[in-house]
Amino acid sequence: MKTQKNIIDQRRPIIMANWKLNGDIDLLCKSVSSFVKHAYLAEVVVCPPYLYIRDMLNFLRNSPIKVGGQNISKHDSGAFTGETSARMLKEAGCRYCIVGHSERREIFGENNISCQIKITRALEANLTPVYCIGESQNEYEQGLTEQVLSHQLREALEGIDLTNKNLCIAYEPVWAIGTGKAATPEIAQTTHAYIRKELCEMYGAEVADTIRIMYGGSVNKTNAHLMLEQADVDGLLVGGASLDPEHFSEICRSAEETAKGVCL
Ligand code: PGA
């Protein structure tokens with residue numbers, strides 16, 4: 001069960017929308033007005049495509065909703081056509097950036113080593129990286145989940161000092177992303193507990209207890225609260241369902257209710 005201490009002092013529920021290569025100005029306007037009311041106890045972050053980040057930030061002025069990037073460059077500046085750096089995202093007003101999403105790994109050839117560099121860049125820029133890990137369908141079927149996650153964590157976080165730094169982990173089983181086949185809340189809890197155990201071995205209990213571990217993969221308004229009830233599920237990374245403002249608003253409401261439930 002979640003305890004008041006976990007939520008208030010350490011792991012405030014976080015709901016993050018990953019729009020991927022979707023959305024337009026119309027969605028931006030509709031989104032913001034629909035879920036702003038559920039972003040007080042829970043933390044709500046929207047990651048639109050880069051081009052909309054400034055518009056989003058302008059719309060969100062005086063609102064508690066935060067904005068993040070879906071990716072960052074490994075580089076800080078220089079001759080890297082098409083890239084955007086962590087420093088630029090921070091300067092624009094972003095607080096978070098996603099690193100190592102499985103689509104970036106599969107389609108754009110990213111790996112744990114490039115993720116390590118990006119996590120370092122994000123932390124240097126005072127952005128909170130949301131480092132995505134998760135096993136493929138094949139690896140899941142072969143019972144390799146823990147082995148895969150351990151490798152993804154240890155390789156990408158090698159040498160990264162988290163003293164006074166914020167990092168989130170997103171557990172996104174690849175077989176659950178965009179398939180409508182979410183992990184069960186029990187699988188999510190067991191896996192998140194394993195991830196926290198690994199983080200504890202790497203960084204000690206004090207740090208591991210403050211790192212928020214989000215679940216992602218076919219999250220919707222029906223399964224959101226069941227996931228959030230799990231002791232080690234501290235938030236949700238939402239793809240498809242974040243493109244429907246009403247639907248996403250319901251997910252944010254679940255997080256707000258979870259936070260309220262333990263606050264009362
Ligand atoms: P989904 O995507 O919610 O559409 O499954 C999640 C993600 O890719 O982050």
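Summary of computed values
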read-out	value
Alpha-carbon spread of the chain, three principal axes, descending order, Å	51, 43, 36
Net charge of Cβ neighbours under 12 Å - reference Trp175; Lys, Arg +1; Asp, Glu -1	-3
Residue-wise HN-Hα coupling along the range 244-257, computed from phi with Karplus coefficients 6.51, -1.76, 1.60 (Hz; x: Gly, Pro)	10, x, 5, 5, 5, 4, 5, 5, 5, 4, 4, 5, 5, 5
Asn126-Leu144 pseudo-label distance in nm [points 7 Å out on the Cα-to-Cβ vector]	4.2 nm
Residue-averaged 222 nm ellipticity for the chain, from DSSP H runs of 4+ at -39500 (n - 2.57), nearest 500	-12000 deg cm²/dmol
Accessible carbon and sulfur surface of the range 4-263 relative to its total accessible area, %, 1.4 Å	49 percent
Solvent exposure of the range 4-263 as accessible area per residue, Å², 1.4 Å probe	44 Å²
Gain upon complete extension [Tyr50, Lys260; 0.36 nm per residue less C-alpha separation]	72.3 nm
Cβ charges +1 (Lys, Arg) and -1 (Asp, Glu), total dipole of the chain, debye	760 debye
Solvent-accessible surface (1.4 angstrom probe) belonging to Leu57, in square angstrom, nearest 10	40 Å²
³J(HN,Hα) computed for each position of the range 187-198 - Karplus, 6.51 cos²θ - 1.76 cosθ + 1.60, integer Hz, glycine/proline x	5, 4, 4, 4, 6, 5, 5, 5, 4, 5, 5, 4
Three-way shape label, the range 172-247, alpha-carbon gyration tensor, a/c 1.5	prolate
Gained length - Thr179 relative to Ile113, 0.36 nm times residue gap less alpha-carbon distance	21.0 nm
Relative contact order [Cα under 8 Å, 6+ residues apart], the chain, whole percent	24 percent
Gain upon complete extension [Gln10, Glu106; 0.36 nm per residue less C-alpha separation]	31.3 nm
Solvent accessible area, Å² - Tyr140, 1.4 Å probe, full protein context	90 Å²
Number of Lys pairs (Cα under 14 Å; 8 or more positions apart or on different chains) in the chain	8
Filtered trypsin sites (Lys or Arg not before Pro), the range 1-100: DSSP coil and at most 15 other beta carbons within 10 Å	Arg61
Farthest positive-ward along the chain dipole, Cα basis, beta-carbon charges - from Ala183, Val46, Gly82	Val46
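The values are calculated or read from the model by the stated rules, or taken from the named source; none is laboratory data. If you're wondering where the values come from, they're calculated on a predicted model, not measured in any experiment. Glycine gets a Cβ as well: all are built from the backbone with ideal geometry, and neighbour counts include every protein chain shown. Heavy atoms of the whole protein, side chains included, go into the accessibility calculation; ligands, DNA and RNA do not. Shrake-Rupley method; radii C 1.70, N 1.55, O 1.52, S 1.80 Å.
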